[in-house]
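Worksheet: the structure to be examined is printed underneath.
What follows draws every value from the coordinates through simple rules; no lab data is involved. In this text, all values refer to a predicted model and were calculated from it rather than measured experimentally. Because the Cβ atoms are built from the backbone with ideal geometry, glycine has one as well, and the counts that use them run over all protein chains shown.
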Amino acid sequence: MIRPRVALVFTLSACAAAPDQTTVEPAVAAERAQEQEARQGEEKRRDLQAVLVRLDQMLDSYVQALSNHGELRADQARERLERSIRDTVLDEVPKTRKQPGPPSGENFRRLQALAADGTTKHQQGIALAALGFSGQESMMPVILQGAQSNDPFLVDRAVLGLAVLKSPATPPGVLAAIAERSNHPEDGRVQAAWALYEIQGKSERQDEIVAIWRRFLGELRDTMPPGILVTAVRGLGFARDGANAELVAPLLKHPTPRLRMAAAVAIARMNAQQFAPDLLDLLGPQETVQNVRLYARKALADLAGGQDYGYDVAAWRKVFDRGR
């Protein structure tokens, strides 16, 4: 009588245990599958070649967005790309960092090695540009070496990295030398001037940068491409020193519309009231580019303390005649 009872109890216990096994085993299998998938994703993410291809594509898209600066969609794309490139370079999600200090991600370490390795120029160029997005000012000397290379491709990539990094310690003379180099591709020269302007706001050597802009607009003006002259005008406008207005005012008559617009903005920033008549000339019928007329009008309004008389040249003349 006892044996059947025991057998029955054992059978019931076995039946009761069976559901636990069927529920635990799929959960373990799913967890293992997730772990394997995560490992595979991690391996793929850390594959250097894949990282470089991704960075190269994003850098090209970033430069394209920069060329359309001022358009809302382009500016939004640039901001997204900046974040994506930075996260890829640092190989981490910034919010997960618990300790301050230099990043320790594998991508960051490998890119530093590539930036100093001239074996594969294309990979070295990607690294030089990408490290500028790291936000680590200690990377400036590494990137600067690329900007001092004899290879135009490496120089241009390094210049992009310096422009994005904006280290206050960046030597202005290196970028100025690239902009002045007549045998360097023109777009690279223009980019070097732009990089110098990007760094100007944070540089420890403001006077040196202003002296470079003055040289570009003075003794070197006839040898400089319009793109560099535009940036030099903007750089002097950023300095807001009326003593530089004499160099900028002649460009209000330059055949390149972008230069006339940049000069108008700079004259206003310098509060160079004496050149209001030159701005008034840009409101007349002889100026056929509407954007130039608009920039001249805004510059006049700034010089007049916010007053705006539209395109009424006579009204503007009365304002500035009273100020004399």
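Worth a mention:
- R205 closer than 27 Å to D151 by Cβ and out of contact with any helix residue (DSSP H, G or I) (no Cβ under 6 Å at 6 or more places or on another chain): no
- Residues of region 175-195 satisfying the condition of being under 13 Å from M224 (Cβ atoms) and of a type in the set (A, V, I, L, M): A176, I178, A179, V190, A192, A193
- For the residues R205, R189, the requirement of being out of contact with any Leu (no Cβ under 6 Å at 6 or more places or on another chain), of a type in the set (K, R), more than 22 Å from F153 (Cα to Cα) and crowded, with 16+ Cβ neighbours inside 10 Å singles out R205.
- Tally, over region 201-243, of residues that are closer than 16 Å to A177 by Cα and in a helix (DSSP H, G or I): 17
- Failed item, numbered, when G242 is tested on (1) in contact with a helix residue (DSSP H, G or I) (Cβ under 8 Å, 6 or more places away or on another chain); (2) closer than 23 Å to V210 by Cα: (1)
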